[in-house]
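Trainee: After the structure tokens below, expect a handful of questions from me.
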Amino acid sequence: MAANLKSDLPQGTLDLLVLQVVALEPLHGYAIAQRLKQMSKDVVQVTQGTLYPALHRLEHRELLAAEWKMSDTGREAKFYRLTRKGRVYMDAEARNWLRLTDAIALIFKSAEGSTS
């Protein structure tokens, strides 16, 4: 039996992950979910019920812009791209996230040293 690798995202990280993925190239919602899954080696699995509200929220905040285009399958889909405002926000949030994860790693390393 395979272990369930899906993990819940900490609050506030989905927006940053979506911005990071869309920064690479404009994508439609399904492709964003697939790219997150692929890039995280199946750990980050986002449902439509979680992803689309996030996309709408990011579009409303003008961090993403969207336009309807034909997808690879020949269907019309809403493609999202990062805006200039979105890039500035993403860069600042990524720096904050990296600073926080570095600090958490230091705490884990300290705790490992004290239990040996």
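The values are calculated or read from the model by the stated rules, or taken from the named source; none is laboratory data. No experiment lies behind these values; they were computed from the predicted model shown. Quick reminder, even Gly has a Cβ in these numbers, built from the backbone with ideal geometry, and neighbours come from all protein chains shown. Quick note on the areas: whole protein, heavy atoms, side chains included, nothing else; ligands and nucleic acids left out. Shrake-Rupley method; radii C 1.70, N 1.55, O 1.52, S 1.80 Å.
Trainee: Using the Karplus curve 6.51 cos²θ - 1.76 cosθ + 1.60 with θ = phi - 60°, work out ³J(HN,Hα) for each residue of the range 89-104 in order, rounded to whole Hz, and write x for Gly and Pro.
Mentor: Result, ordered by residue: 4, 4, 4, 5, 5, 5, 4, 5, 5, 5, 4, 5, 5, 5, 5, 5 Hz.
Trainee: Can you tell me how much longer the chain between residue 25 and residue 61 gets when fully stretched, taken as 0.36 nm per residue apart minus their C-alpha distance, in nm with one decimal?
Mentor: Working: separation 36, 0.36 × 36 = 12.96 nm, distance 1.93 nm.
Going from the current span to full extension adds 11.0 nm.
Trainee: Tell me the per residue accessible area of the range 16-116 using a 1.4 Å probe; a whole number in Å² is fine. Could you put the intermediate results ahead of the total?
Mentor: Details: 6990 Å² over 101 residues.
Averaged over the residues of the range 16-116, the accessible area is 69 Å².
Trainee: For the range 12-116, what is Rg from Cα atoms divided by 2.2 N^0.38 Å, rounded to two decimals? Before the final figure, lay out the partial values.
Mentor: On the way: Rg = 16.6 Å, N = 105, 2.2 N^0.38 = 12.9 Å.
Normalised Cα radius of gyration, the range 12-116: 1.28.
Trainee: May I ask you to list the trypsin sites (Lys or Arg not before Pro) in the range 16-60 that are in a DSSP loop and have at most 15 other Cβ atoms within 10 Å of their Cβ? Please report the intermediate quantities before stating the final value.
Mentor: Numbers: sites: 35, 37, 41, 57; in loops: 41.
Loop-located and lightly packed - 41.
Trainee: Show me 14-22, 42-50 ranked by packing, highest mean number of other Cβ atoms within 10 Å first.
Mentor: For the peptides 14-22, 42-50, the packing ranking is 14-22, 42-50.
Trainee: Would you mind telling me the share, in percent, of accessible area of the range 4-50 contributed by carbon and sulfur at probe 1.4 angstrom?
Mentor: Percent of accessible area from carbon and sulfur atoms in the range 4-50: 50.
Trainee: Another question about this same structure. Put a dot 7 Å past each Cα toward the Cβ at residue 103 and residue 81; how far apart are the dots in nm?
Mentor: Between residue 81 and residue 103, the simple spin-label model gives 3.6 nm.
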